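See structure below.
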Amino acid sequence: MKPFRYARARDPQEAVQMVAVDAAASFVAGGTTVLDLMKDDVERPSLLVDINGVAGRAIVRAGDEIAIAALARMSDVADDPEIAKHAPMVANALLQSASPQLRNMASIGGNLMQRTRCSYFRDIVAPCNKRRRGDGCSAIGGENRRHAIFGGSESCICVHASDLAVALAAADATIHTNGPGGTRAIQVSDFYLLPRDTPNVETALHHAELISSVTLSLDPALANSTYVKVRDRAQYEFALVSVAAGMEIVGGTIRAARIALGGVAPIPWRVPEAEAALVGRPATAASYREAAEIALAGARGCGGNDFKVALAANAVVRALEQIGSAA
Amino acid sequence: MNLPLVGAPHDRLDGPAKVTGRATYAADFSPAGLVHAVMVTSEIGNGRIVRIDDAETRRQDGVLAVLTHENARRMHPEGHGFAFALMLLQDDRIRYDRQPIAVVVAESFEQATYAASLLRTTYESEPPITRIEDSADRYTPEEIFDEPADVTRGNPDRAFAGAPVQFKATYSTPVEHHNPIEPSATIAEWEGERLTVHDSTQGVTNARKRLATVFGIPVSNVRVISPFLGGGFGCKGAVWSHVALAAMAARAVGRPVKLVLTRPQMFGSIGYRPRTIQSIALGADRDGRLSCIMHDVLSQTSTFDEFVEPSALVTKMLYAAKNVRTTHTLARVNAATPTFMRAPGEATGSFALESAMDELAYAVDIDPIELRLRNYAERDQSENKPFSSKSLRECYRIGAEKFGWSERDPKPRSMRNGRMLVGMGMATATYPTNRAAASAVVRMNEDGSVVVRSGTQDLGTGSYTVYAQVAAETLDIPIERVRLELGDTDLPPAPLSAGSMTAASVGSAVYEAASALRERLRKGEKAPIEARADAKPQEHERYSKHAFGAQFVRVEVDPDLGEVRVRRMVGAFAAGRILNAKTARSQYLGGMLWGIGMALHEVTRFDERTARIVTANLADYLVPVHADAPDMEAYIVEEEDPHVNPIGVKGIGEIGITGVAAAIANAVYHATGIRVRDLPIACEKLLR
Amino acid sequence: MDSAIPELATAGTLPSAAPAAASILGPGEVQIELEVNGERHELSVEPRVTLLDALRERLKLTGTKKGCDQGTCGACTVLVNDRAIDSCLTLAVMHVGDRITTIEGLASGEQLHPMQAAFVEHDGFQCGYCTPGQVLSAVALVREGRMTGDDAIREQMSGNICRCGAYENILAAVRDGARRMA
């Protein structure tokens, strides 16, 4: 690891200020992403500002909203009874993420800032536009079993690594930030950016902007939700394909639907057309299959990952069946 | 013989040290003045180094030395046999991805790691060949483990042509890496021309010899110490480049040096299971009786050295057939030299052969166990010798009974658990019984306590415990009075802990030494007293020696998502005398779990354009985690073998994995109707 | 905005109490105090030193193992304020004021912790290299009340890879260790 300086900030403002004045400074909370990437030489911050002391880790329900402090650990949120009851797909996504130790370490804010697991991105020997614009994308024409079937560009076909982000995308969560320019509230749908020709820019966050909390607006489709994750081994693995899905079903008819896919795109992949196709339809296998076909309509494999198109469609059906029968 | 046929399930004597963190592995030692070395490895898979710019590296705080091919001393890295050729910075040639090209030594680990990252290497790249299919550089090796590479009996081609039932298929297995959780680690220290090495090695005696050769110093000048080993599985058998590089670095800085491989470097220069493509042809009558077996194996080796994955050795003897042909062909690719990995040959070969037997069982509509019984080999037809013992029928019977094989409806896709497709599969397990020369000293002190000394190792196999049991039982004293000293070349020499031969080799030596001691005590000699045995295998074997077993597996397959989860495994194994029922069961279970990884998870993927490994970490190279483990049962089938060696033991470390991948593939076929002949059985192969 | 930015320092001391002003430490060595197994240790580390390397290389507590240094194996598991974490992906300087428990802190003298004893009795290991991490994860899962059945144990223990394949015996050890801890 390149030598760096370290500071413990005492409040969010101090943390933001410390990072703001140094273009190469980073925040650190759990450390599970940034230290891993620093060891691989992918990230080389000059200063790490430890934000663990700047705020609490509470998960608070107020009326129809749950606010999750950005410093809450993945395991805190996964274990929270309100989350489990009102947003099961969030709890499910977390419980299927990483390992118990990493869930105890990683903060919610940090989880959302996780970077891709593309092995070319992590191997500084391989050309990667995300690491350095213009170098090329090694995954295109390379080993791309785990890569994107949606949203990729000629410069990047990576997939986003976070399970939580997929659930939050489906939940229409809001990410609240605290930055040099003040506070902001950003919808998850606006938070993650497609690679286009700037795969190095991954989120709407500005330098030194710190995630302070994530809020969920509770609704029946979130309460009746699930997270299906497909992978090679039973635990401790990133998704090949995942689906966060929720439905409000009244009298056998779907009133509202939420669907987002993971492991298929550089960002959590919400599929509004498929959701719209479900509304007003009976909660039946035929409806689910049709929605899955719509969800995958624009998908395109790049060789090693061609199987993901059919797999993701089946995973959508599976997720909808789970909550269809639960309702 | 005082030893029971199945030894007491004694707790491991090294257990308390291991659960309290007191067991010391190679990287845990810290001799005074210790400094840290980091190996730098190549970024290309084929070509040459044009220049290594080390200016920035040398400028860093704490840096003591930078070794490259431009300044490294001339060494003797040449390979011969299983002493594989080493990459000791002797030239500018790059032969494979992650080949060592430099070593950086600094006061601290952090300094060395960072300084190493600043080395700037310019290469001249040449297009690599990564896949054996693409390699035109193919040849037949002269021999495999002292046996001919190609063996024919009868006239297999004619027999096949005339067979009423003909079955042919091609199976393939990928490159796999051992990935013990302890990375390879070496601490090297020189005192003048004397070298002391703490090394994570499966063979201190072997490592000592190799280091002496590499450095051109007398064997007696080298001491290798390895009291505990964090798993090896074959990759710590041969001495690899980093061990010598650590010693070279220690010599360069005149201080003890610690060099620990990073996890990505565990995919570099320490061997791996090579990729195989195996063609099987079976000729049988309509009752399933085999007239012919042909097994042709293509596997990879490096461009500069040889390792043969002996996949077809098992085929020569496992089933009765008059006409058999087995061949092994090597293809050179731009990759490091492969090596032994848990059941080399048997693991890959049994996947092909035992899958093919399952396919034949369906072709002739006979139960897979019945098919195997109809082709039961009463003697080893390849060597034309009787087996020293063989209890495979018992293994089939006990395994089938414990597993509930009779509940299986053989029709594919006929069994379900909710939406999950259920499959049951079985396969035969087998592993040869090896033995090598080993020495041991057993000493009784005045207080009646006993010390057993042998330069063997404990890889987790139970050496500390089982040899104490052998000594205690032979001397008829409580095991609590016995202490083991091992893992040090100052002790009597012992072979590599490999080939499942340690119990047969070292166990026989300890038994003979303890027996001699008992004899002398009986004749009136008094403690302190010690006896030494130099035990050797017979030169001319009258028997064919193998352990056998049967594997049974139940899987559940998600028909829509292609996920395969193993739910239950039962193994029944007959391997002669068992020294400790508890540690033996653990070894069997461990091997069986390895079979799950082999069948479902493990694959080293390469970028074919660069020959670079793209799965060089434990997030991308998947091995089974606890949630992948099914309910597992391993049964010891009692077997008395008076011929195999003085203590009647066969090896148990490797047989556990053999047959498992086939049993799982067979179960997946039973569940889904889809035959997967290419490992691993990933979900995309099951999506229809 | 920059008026609140403190002076840069190349070295310094990180006190366990909240500082009056956040100081920027490093990149040189920093004096810190870590509480490990109930003992306070003063040590001098660069900020880039992981908790794992501080324990092993500085404090010579080598029971905590390095298996991957990437958060992918769990061999480096320690308890921080009673929660199991991977010590390879956190910095030593981040743990001033925390209670750290390593495998060396579990037994009392020669008396094994009940979970350690269960691992020995059920042969919940072979080579022993992942074992310190397995035992600490097991202790944490029992203390946190996550022992809701075999599936839960298998899930909760999935952050500790045992390449020897001792899972069946680890499961038995955790079940029994939990009973002994009760």
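The values are calculated or read from the model by the stated rules, or taken from the named source; none is laboratory data. Everything quoted here is computed from the prediction, not taken from an experiment. Here the Cβ is made from the backbone with ideal geometry for all residues, glycine too, and neighbour counts use every protein chain on show.
Looking only at residues that are part of a loop (DSSP other than H, G, I, E, B) and more than 27 Å from C:Gly67 (Cα to Cα) in the stretch B:176-235, which one is farthest from the chain's Cα centre (by Cα)? Spell out the reasoning first.
From the stretch B:176-235, those part of a loop (DSSP other than H, G, I, E, B) are B:177-184, B:192-193, B:200-203, B:216-218, B:226-227, B:229-235; that's our starting set.
The next check asks that each one be more than 27 Å from C:Gly67 (Cα to Cα); those that pass are B:192-193, B:216-218.
Working: B:Gly192: 36, B:Glu193: 34, B:Gly216: 29, B:Ile217: 30, B:Pro218: 30 Å.
Among them, the one singled out is B:Gly192.
C:Cys68 - would you say it is within 8 Å of another protein chain (Cβ to nearest Cβ), farther than 18 Å from B:Val19 by Cα and part of a loop (DSSP other than H, G, I, E, B)?
Values: within 8 Å of another protein chain (Cβ to nearest Cβ): yes; farther than 18 Å from B:Val19 by Cα: yes; part of a loop (DSSP other than H, G, I, E, B): yes.
Here the answer is yes, as C:Cys68 does meet what is asked.
Would you be able to tell me the number of residues in the stretch A:154-212 that are touching a Gly at 6+ places or on another chain (Cβ under 9 Å) and assigned to a helix (DSSP H, G or I)?
6
Consider the stretch B:444-486. How many of its residues are of a type in the set (Lys, Arg) and buried (at least 20 other Cβ atoms within 10 Å of the Cβ)?
1
Which pairs have Cβ atoms under 9 Å, sit 6 or more apart or on different chains, and link a residue in the stretch A:96-125 that is outside the structural domain of A:Asp232 (by TED's automatic domain parsing) to one that is surrounded by fewer than 24 Cβ atoms within 10 Å (Cβ to Cβ) and at pLDDT below 95?
A:Pro100/C:Arg146
Taking the criterion of being part of a loop (DSSP other than H, G, I, E, B), surrounded by 24 or more Cβ atoms within 10 Å (Cβ to Cβ) and modelled with pLDDT of 95 or more, would at least one residue in the stretch B:581-597 satisfy it?
No, the stretch B:581-597 contains no residue that is part of a loop (DSSP other than H, G, I, E, B), surrounded by 24 or more Cβ atoms within 10 Å (Cβ to Cβ) and modelled with pLDDT of 95 or more.
Could you please find all residues in the stretch C:106-152 being touching a residue at least 40 places away in the same chain (Cβ under 8 Å), at the interface with chain B (Cβ under 10 Å from one of its Cβ atoms) and charged (D, E, K, R)?
C:Glu121, C:Asp123
Could you check, for the stretch B:386-402, whether at least one of its residues is among the basic types (Lys, Arg), buried (at least 20 other Cβ atoms within 10 Å of the Cβ), on the phi < 0 side of the Ramachandran plot and not in a helix (DSSP H, G or I)?
The answer is yes, given that some residue of the stretch B:386-402 is among the basic types (Lys, Arg), buried (at least 20 other Cβ atoms within 10 Å of the Cβ), on the phi < 0 side of the Ramachandran plot and not in a helix (DSSP H, G or I).
A:Ser162 - would you say it is surrounded by 24 or more Cβ atoms within 10 Å (Cβ to Cβ), within 13 Å of the chain's Cα centre (by Cα) and within 14 Å of chain C (Cβ to nearest Cβ)?
For A:Ser162, the condition - surrounded by 24 or more Cβ atoms within 10 Å (Cβ to Cβ), within 13 Å of the chain's Cα centre (by Cα) and within 14 Å of chain C (Cβ to nearest Cβ) - is not met.
Restricting attention to the stretch A:306-313, does a residue exist that is over 15 Å from A:Ala148 (Cβ atoms) and under 21 Å from the mean Cα position of the chain (by Cα)? Break it down into steps so the answer makes sense when it comes.
So in the stretch A:306-313, the residues over 15 Å from A:Ala148 (Cβ atoms) come out as A:310, A:313.
Those still in the list that are under 21 Å from the mean Cα position of the chain (by Cα) too: A:313.
Within the stretch A:306-313 (the criterion being over 15 Å from A:Ala148 (Cβ atoms) and under 21 Å from the mean Cα position of the chain (by Cα)), the answer is yes, since at least one residue qualifies.
Just one of A:Val16, A:Val49, A:Val60 is in contact (Cβ under 8 Å) with a residue 60 or more places away in the chain, more than 7 Å from chain C (Cβ to nearest Cβ) and either under 17 Å from B:Thr113 (Cα atoms) or among the β-branched types (Val, Ile, Thr) (or both); which is it?
From the options A:Val16, A:Val49, A:Val60, the qualifying one is A:Val16.
What pairs come out if I take residues in the stretch B:181-200 that are more than 14 Å from every other protein chain (Cβ to nearest Cβ) and pair them with residues that are among the polar types (S, T, N, Q) whose C-beta lies under 7 Å away, six or more apart or interchain?
B:Glu189/B:Thr196; B:Glu193/B:Asn221; B:Arg194/B:Asn221; B:Leu195/B:Asn221; B:Val197/B:Thr186; B:Asp199/B:Thr186; B:Asp199/B:Ser226
Only one of B:Val566, B:Val557 is more than 13 Å from chain C (Cβ to nearest Cβ) and either of a type in the set (Val, Ile, Thr) or touching a residue at least 24 places away in the same chain (Cβ under 8 Å) (or both). Can you tell me which?
Residue meeting the stated conditions: B:Val557.
Anything in the stretch B:223-233 that is out of contact with any Cys (no Cβ under 7 Å at 6 or more places or on another chain) and either within 12 Å of another protein chain (Cβ to nearest Cβ) or buried (at least 24 other Cβ atoms within 10 Å of the Cβ) (or both)? List them, or say none.
Scanning the stretch B:223-233 gives B:Val224, B:Ser226, B:Pro227, B:Phe228, B:Gly232, B:Phe233.
Of all the strands (runs of 3 or more DSSP E) wholly in the stretch B:405-512, which have at least 3 residues that are within 21 Å of the chain's Cα centre (by Cα)?
Counting at least 3 such residues, we get B:420-432.
With respect to B:Leu600, is the statement that it is in contact with a Pro (Cβ under 9 Å, 6 or more places away or on another chain), without any contact (Cβ under 8 Å) to a residue 60 or more places away in the chain and within 11 Å of another protein chain (Cβ to nearest Cβ) true?
No, not satisfied.
I'd like to check something: does the stretch C:122-140 contain any residue that is at pLDDT 95 or above and surrounded by fewer than 21 Cβ atoms within 10 Å (Cβ to Cβ)?
No: the stretch C:122-140 contains no residue that is at pLDDT 95 or above and surrounded by fewer than 21 Cβ atoms within 10 Å (Cβ to Cβ).
Please work out which one of (1) within 14 Å of chain C (Cβ to nearest Cβ); (2) over 20 Å from the mean Cα position of the chain (by Cα); (3) part of a strand (DSSP E or B) is the condition B:Ala572 fails and give its number.
Looking at each condition in turn, B:Ala572 falls short on (1).
Say we look at the stretch A:313-326 and pick out the residues that are more than 10 Å from chain B (Cβ to nearest Cβ) and surrounded by 16 or more Cβ atoms within 10 Å (Cβ to Cβ); which of these is nearest to A:Leu240 (Cα to Cα)? Walk me through how you get there before you give the answer.
Restricting attention to the stretch A:313-326, the residues satisfying the condition of being more than 10 Å from chain B (Cβ to nearest Cβ) are A:316, A:319-320, A:322-326.
In the following step, the residues that additionally are surrounded by 16 or more Cβ atoms within 10 Å (Cβ to Cβ) were identified as A:316, A:319-320, A:322-324.
Details: A:Val316: 13, A:Ala319: 15, A:Leu320: 18, A:Gln322: 19, A:Ile323: 21, A:Gly324: 23 Å.
Ranking the qualifying residues of the stretch A:313-326, first place goes to A:Val316.
When the stretch B:21-45 is examined, which residues are found to be within 21 Å of C:Asn37 (Cβ to Cβ) and either among the hydroxyl-bearing types (Ser, Thr, Tyr) or modelled with pLDDT under 95 (or both)?
Across the stretch B:21-45, the qualifying residues are B:Thr24, B:Tyr25, B:Ser30.
Whether any residue in the stretch C:160-167 is closer than 30 Å to C:Val45 by Cβ, facing chain A (nearest Cβ under 10 Å) and either aliphatic (A, V, I, L, M) or surrounded by 22 or more Cβ atoms within 10 Å (Cβ to Cβ) (or both) is what I want to check.
yes
Of all residues being among the aliphatic types (A, V, I, L, M) and in a loop (DSSP other than H, G, I, E, B) in the stretch C:71-99, which is nearest to the other protein chains (Cβ to nearest Cβ)? Just the residue, please.
Once the filter is applied, the top-ranked residue is C:Ala75.
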